[in-house]
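Read the structure below first, then the notes.
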Amino acid sequence: MLDVSQIAKTYPTPRGPLSILSGVSFSLQRGDAAAIMGPSGAGKSTLLYILGGLEQPTSGTVALDGRNPYALSEKDLAAFRNQAIGFIFQDHCLLPQCSVLENVLVPTLVSAPSRSRLGTEQRARDLLAQVGLSDRLDHRPAELSGGEKQRVALARALICKPLLLLCDEPTGNLDQASADVVASLLLELHRRQETILIVVTHSAELAARFPLRYELRNANLYPVSA
Ligand SMILES: Nc1ncnc2c1ncn2[C@@H]1O[C@H](COP(=O)(O)OP(=O)(O)O)[C@@H](O)[C@H]1O
Ligand SMILES: [Mg+2]
């Protein structure tokens, strides 16, 4: 499970410390799917980065299956992120010179021993089939639509079977039809793989599809009732 306790984040600025998050606490179990909404600048991305082991909180603790990423060495933290956490950003962040299949395999280059390479490639093909891209394996990112790029990003985020899948406005740059497709695939693959899914979104429509909803405002997280 994901257990977040009393997270605070303060940035030093010339005009004194700037408090972005203050006392954020919540817990999610494997299989939970939560949407986080809130105004621009509220600290949503900051919170996701803290949960994902990318940004150390000023105080408070994060525990994913009992492991606190910020108690790990640099090397162990990198391995932990690679194995336990999948990230999807608003911009797909695919490598332009690599094919669709290669992009999905990139996270496995650091972790998978070479003897499991064949199994890993099969898993990448399976994931790409699940997001409907079996006939795009050799395309470069520039040869894909925005929605297709996000579907590749989804397959890449899941290739190492993460426990925690973090998405920062994953449909923010897509038209409505593509956004619906990406959102449906995201929720379906989350259910199949039983991740803990957290999605930051501005879209009330997307948030409404999540069983758990929170709003981030005034530096804290509040449950939104149905
Ligand atoms: N490195 C930093 N130093 C100072 N302020 C920052 C830094 N990173 C983000 N902020 C500020 O933190 C606030 C929250 O940012 P962010 O988490 O990106 O918000 P959101 O994703 O909700 O739009 C913003 O006001 C931003 O200016
Ligand atoms: Mg943001």
Fill in: the stretch 91-120, subset modelled with pLDDT under 95 and buried (at least 17 other Cβ atoms within 10 Å of the Cβ), residue nearest to G53 (Cα to Cα)
P107
Item to complete: Could you please find all residues in the stretch 1-31 being farther than 16 Å from D65 by Cβ, basic (K, R) and touching a residue at least 12 places away in the same chain (Cβ under 8 Å)?
Response: K9
Discussion item. Against the definition (away from ligand 1 (no atom under 16 Å from the Cβ), within 23 Å of Q83 (Cβ to Cβ) and not small (G, A, S)), how does L212 come out, yes or no?
Written reply: no
Fill in: Filtered residue count, the stretch 22-76, keeping only those that are under 19 Å from the mean Cα position of the chain (by Cα), away from ligand 2 (no atom under 16 Å from the Cβ) and among the acidic types (D, E)
2
Response to the item:
Of those in the stretch 7-21 that are more than 10 Å from ligand 1 (Cβ to nearest atom) and crowded, with 16+ Cβ neighbours inside 10 Å, the residue nearest to the chain's Cα centre (by Cα) is I7
Worksheet, complete the sentence: Within the stretch 137-162, residues surrounded by fewer than 18 Cβ atoms within 10 Å (Cβ to Cβ) and in a helix (DSSP H, G or I) come out as A142, E143, G146
Worksheet, complete the sentence: Here the residues within the stretch 40-94 that are in a helix (DSSP H, G or I), of a type outside the set (A, V, I, L, M, F, W, C) and without any contact (Cβ under 8 Å) to a residue 24 or more places away in the chain are Y49, P69, Y70, E74, K75, D76
Item to complete: Tell me which residues, restricted to the stretch 24-40, are among the hydrophobic types (A, V, I, L, M, F, W, C) and open to solvent by less than 40 Å² (accessible area, probe 1.4 Å).
Response: V24, F26, L28, A33, A34, A35, I36
Worksheet entry | Conditions (1) assigned to a helix (DSSP H, G or I); (2) open to solvent by less than 30 Å² (accessible area, probe 1.4 Å); number of the one not met by D126 | (2)
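The values are calculated or read from the model by the stated rules, or taken from the named source; none is laboratory data. Small disclaimer: the values here were computed from a predicted structure and weren't measured. Positions of Cβ are generated from backbone atoms using ideal geometry, with glycine treated the same way; all protein chains shown enter the neighbour counts. These area figures cover heavy atoms from the full protein model, side chains too; ligands, DNA and RNA do not enter into them. Shrake-Rupley method; radii C 1.70, N 1.55, O 1.52, S 1.80 Å.
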